[in-house]
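Report on the structure given below.
None of the figures in this text is laboratory data; all of them are computed from the coordinates on show. On a predicted model such as this, the values are computed, not experimentally measured, just so you know. Glycine gets a Cβ as well: all are built from the backbone with ideal geometry, and neighbour counts include every protein chain shown.
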Amino acid sequence: MAVDIDWAPFEYIDEEMHYRGMAADYIRLVEERLNVQFNVDKERPWPQMVEAVKARDLDLFSCVVKTPAREKYAIFTKPYLSFPMVIVTRNDTDFIDGVQDLIDHKRSVSVVKSYASHDILVENHPELRIAPAKTVKLGLEAVAHGKTDAFIGNLAVVGQVMREHGLTNLSVSGQTPYRFELAMAVRKDWQPLVPILQKALDDITQEERDQIFNRWIRVEFSQKIDWSSIAYYVLAAFAALMIVVVWNRILQREIDHRKKTEAFLNNEIQQREKAEERLTRSRESLAHAQQIAHIGNWDWDIQAGDLEWSDEIYRIFGQTPQAFSATYEAFLNAVHPDDRQMVQDAVKSALENPDVDYSVEHRVIRPDGEERIVYELGDIRRDASGAPVLMRGTVQDVTDFRKTEESLELSRLVIENASEAIVITNKKGLIVDINPAYEQVTGYARAEVLGQDPSITSSGRHDKAFYQEMWKTLHETGCWSGEIWDRRKSGEVFPKWLSINIIRDSRNEIANYVGIFTDITHQKATEEALEQMAFYDALTKLPNRTLFRERLNREIVISERENQKVAVLFIDLDRFKYVNDTFGHDIGDELLIEVAARITDNLRKSDVVCRLGGDEFTVILNNPKTVEDIGKISEEIIHSLQRAFKLKDHEAFIGASIGIATYPDNGQDFETLTKNADLAMYQAKDAGRGTYRFYSEEMNAKSAFRLTMEADLRRAIEEKQFTLFYQPKVEIAKNRTAGMEALIRWNHPKKGMVSPADFIPLAEETGLIVPMGDWALETACRQTKELLDKGVALRVAVNLSTKQFQDPGLLDKVKKTLSEAGLPSQYLELEITESIAMQDVEETIATVEALRQEGIHISIDDFGTGYSSLSYLKKFPLHSLKVDQSFVRDLTVDSDDAAIVESVISMAHAMGLSVVAEGVETEEQLAFIRDRECAQVQGYFFSKPLPFEQLLDYVNAN
Ligand SMILES: Nc1nc2c(ncn2[C@@H]2O[C@H](COP(=O)(O)O[C@H]3[C@@H](O)[C@H](n4cnc5c(=O)[nH]c(N)nc54)O[C@@H]3COP(=O)(O)O)[C@@H](O)[C@H]2O)c(=O)[nH]1
């Protein structure tokens, strides 16, 4: 603390180096109030004290007058002592009426150079002749000794000095308008200290102030009477009296002044309190505003290294004032390691270059690990030399902003790259934005559609009501989606799937409409194709089984409601399989397409034709008038299918069998009606094909019979109820048994011997033919070996069904059977029907070749009934052909059959095959066959099929 060591009674240092005086008393009270101890500099003279404060070597003044010059480096409290500035002259000098009087009379005036009085007088009265003095004492002595005319100084001080130094020829002779308003002051950068000191000063009571005043401002009288000095004391008393008189006048003014000052101060205090209140509120508002805006402010005293953060920065950085050391380094530590160098560079650049602003965005890592993004702005205060002194700035938490920006950018990218076309309109429905997909789909460029109504792409396919309904839904629910037909710029009309959403602003008012659509041209085509696939037969384009079910169910419902009839026709093509197997699938397909067309041609538009698969077709006749009508239509269908089919280079003949069931008589649901129509169709087939049958109850019974038979057949296989009969083959030329055919018989426990014609088709259908055929092969081989062992060497012919022949393990099975029976392979002949042989020609050739390689004979059975291609036939490595007995039966009465038998025999000879004519029952038939040089015959004429036991007798007898 800077004090004036020689300025009694205000302050001085006594001999014992104690700090004393009025100011010292005030300072002590301040120390008490604040519980601090000021360190008083007791050495330096006042001018050096002043310089020391300027240089911040000392921190505050104890008692000093506020002048403009001092305000440059110090900040002042309110004055706590106030004394008038008075004029002292020698007693012999005339009364001085103020400073102007001194100027007018060109008086020289002593003033202490380093005191405020000097600054005040120089500033306000530059024409005053001032003689600077170093101290009050020297200034007064200059007056006393006549070197100057007057001294201007503090009333209290001059009185004290005059008293102490016996300057009795001096007296206070006039006043100035100025007062010494003495206050405490602190160095300028310690501003916060001022209100603290002020508070302590304000706390000093009037009583304490009076005590101080009375202690130091008084007139002392000596107790001891020293007559030698009486004259001096009288004079002194007179001078004192003069002082007291003047003093009293001054005091009165002082009291008035103090009262005014007090009123003024009270007002000042109130104003200050209000100002402080406003300041507090303003600070709170600022802090609140910072919190809302996520902006904090900071001050960095570059020289002191102190960093000050507002509350909001602590919040942004996730720090607390207690944990944060408030230094630049601590701040850097909180910066994300990857951004630290960037921040340091920004700070350095701003510090070094006054033209560069501090502006940087970086990440901070909070103590809990959370990452935030902040944007900093700052500026720098520099001293006269340009060196940075203070940096202050703001920190804004822009994390959410950046995230929003990122999300907006993402949205923009999504819209830009969306495969869906997007169109955005304003609330008036005018286009404000589109994406590239929109341009791609519609063919319109962005510039062409901005500001336009989206209806520029409308196709005109939807009526006004459609759009009214769309807008109604949109405004009621906020969204609409549906299929809509639009027109591209090229004029092409296309379907699209459109979703429209309303976007509302913060006031819930419509801001935009966003339309998102996809061109569904391909999707629709795919859907149609899928529907076609799901519900229609790919080949004939007729409804398939699924749609047949749906349509029939629908017709049943309608018919029930309308009390009508419905007829279901099950159509099965006769001999289609032969055509397909013979001419190939392409021709077969062509045939089916033509069949579909012919069936359709016989019907009304309201009737439905379906293809269930293969050669199965159905017809739904809705509301047929009579049973006769149904029969008539069925007949027409059959006739139309019996006409020749011209298929590429081929001509084919097929037929059809139709089963009919009617609603409600033959069934009231889909399952019953279709099952019964199917049954009726089998009846039509059984009836010789090429005809139709209405369903009857008896058919149901027959169906039940088939089911029972299937169960019996299964049991028969398990219980080995089968036996083999053998029918001899006779070599005509030598009239001897040349071989035999094994023919299966079922010895039914209840029904007796059942013909294979009754159970082989069922066995084929159910797959039971495979184990049955295996048994027949094994038995035939075993019994033939028995004969062989008895010296009867006959080749046995075993019938193979389709399923057996198509078994990939056939060759191994046959070899194994032969080997187990011990029968040489040349004694086995396998008979396959013409239709089996023609099913998969290449495969058949391979199988037959493999069997032939093993020494097994192969013959084609029932020859003439199928559509054998001669070009294929000649490739088969066969041994013989068996002319079907249907031709042999009538050859004596039917010239066609005779011609067929004749040509088959000659064709076989031409191909190097032997021929067996089967079914020979009469002498005439035998003669015909013999005349055509057919080598072998088989038939009742020679023998019916015989049980194994009887065969040996037959052979021996013949
Ligand atoms: N896959 C298998 N099929 C077999 C087997 N056993 C027989 N069959 C086939 O069953 C069909 C009927 O056979 P079947 O009742 O035994 O009739 C055969 C002969 O009895 C009959 N035949 C012979 N000669 C005459 C005759 O002069 N008149 C006349 N009305 N019928 C006669 O012909 C049948 C022999 O036919 P095929 O086999 O074509 O030579 C029949 O198709 C048998 O093939 C078996 O084990 N497996």
Measure out, as a whole number of angstrom, how far apart the alpha-carbon centroids of the stretch 472-490 and the stretch 404-432 sit.
17
Once the dipole of the stretch 628-785 is set up from charges on Cβ (+1 Lys and Arg, -1 Asp and Glu), the residue from the list Thr779, Thr737, Ile760 lying farthest towards its positive end is Thr737
Give, as ranges by residue number, the residues of the stretch 391-409 whose backbone N falls under 14 Å from the point 7 Å along Cα→Cβ of Asn512.
408-409
For Ala287 and Asn353, what does the FRET efficiency come to when R0 = 35 Å and r is the distance between their Cβ atoms, rounded to the nearest 0.05?
0.60
Relative contact order, percent, the stretch 536-695 [alpha-carbon distance under 8 Å, six or more residues apart]
28
Stokes-Einstein D in µm²/s, Kirkwood radius over Cα pairs - the stretch 709-957 at 20 °C with 1.002 mPa s viscosity
115
Using alpha-carbon positions, what is the distance between the centroids of the stretch 902-958 and the stretch 784-836, in Å?
20
Which is farthest toward the positive dipole end of the chain among Ala652, Leu307, Pro495, measuring Cα position about the Cα centre, with Cβ charges +1 (Lys, Arg) and -1 (Asp, Glu)?
Leu307
Please give the charge dipole size of the chain, origin at the Cα centre, charges +1 on K and R Cβ atoms and -1 on D and E Cβ atoms. Round to the nearest 20 debye.
2480
If one takes the longest principal axis of the Cα atoms in the chain, at what angle in degrees, from 0 to 90 and to the nearest 10, does the Cα axis of helix 340-352 lie?
30
Relative contact order as a percentage, the chain, C-alpha pairs under 8 Å and 6+ apart, gives 5
Percent antiparallel among DSSP beta bridges confined to the chain, rounded to 5, stands at 80
Cα centroid separation, the stretch 607-637 to the stretch 374-392 (Å)
101
Nearest 10 degrees, 0 to 90: what angle lies between the long axis of helix 948-957 and the longest principal axis of the chain (Cα atoms)?
30
Using only Cα atoms and rounding to the nearest 10 degrees, what angle (0 to 90) does helix 193-202 make with the longest principal axis of the chain?
50
Suppose R0 equals 60 Å. What FRET efficiency, 1/(1 + (r/R0)^6) with r the Cβ-Cβ distance, do Lys874 and Glu628 give to the nearest 0.05?
0.70
Pairwise label distance in nanometres, Asn735 with Gln452, each label 7 Å out on the Cα-Cβ vector:
10.5
Taking 0.36 nm per residue of sequence separation and subtracting the Cα-Cα distance, how much length would be gained by fully extending the chain between Ala757 and Glu786, in nm to one decimal?
7.7 nm
Phi-based couplings in Hz for the stretch 484-492 (Karplus 6.51, -1.76, 1.60; Gly and Pro marked x)
8, 9, 10, 10, 6, 4, 5, x, 5
Full-stretch length increase - Thr802, Gln523 - with 0.36 nm per residue and alpha-carbon distance subtracted
95.9 nm
Taking placed amide H atoms and a strict 5 Å upper bound, the residues 5 or more places from Leu170 or on another chain that come that close are Asn91
Length-normalised contact order of the stretch 418-525, Cα under 8 Å, at least 6 apart, in percent, tallies to 27
Can you divide the C-alpha Rg of the chain by 2.2 N^0.38 Å and report the result to two decimal places?
2.23
Pairs Lys403/Lys472; Lys750/Lys815; Lys199/Lys259; Lys541/Lys577: which exceed 30 Å Cα-Cα?
Lys403/Lys472; Lys750/Lys815
From the phi of every residue in the stretch 368-380, what ³J(HN,Hα) in whole Hz does the Karplus formula 6.51 cos²θ - 1.76 cosθ + 1.60 yield, where θ is phi - 60° and glycine or proline is x?
7, x, 5, 9, 10, 10, 10, 10, 10, 10, x, 9, 10
What percent antiparallel are the DSSP beta bridges of the stretch 709-957, to the nearest 5?
45
Phi-derived 3J(HN,Hα) across the stretch 520-526 with the Karplus relation (6.51, -1.76, 1.60, θ = phi - 60°), rounded Hz, x for Gly and Pro, is 10, 3, 5, 4, 5, 5, 5
What FRET efficiency do you get for Tyr73 and Ser419 if R0 is 56 Å and r is their Cβ-Cβ distance, rounded to the nearest 0.05?
0.15
Counting only residues 5 or more apart in sequence or on a different chain, those whose built amide H sits under 5 Å from that of Asp433 are Ile424
Net charge near Ala144, counting Lys/Arg +1 and Asp/Glu -1 over other residues with Cβ under 14 Å of its Cβ?
0
What length, rounded to one decimal in nm, is gained on full extension from Lys720 through to His585, with 0.36 nm per residue of separation minus their alpha-carbon distance?
44.6 nm
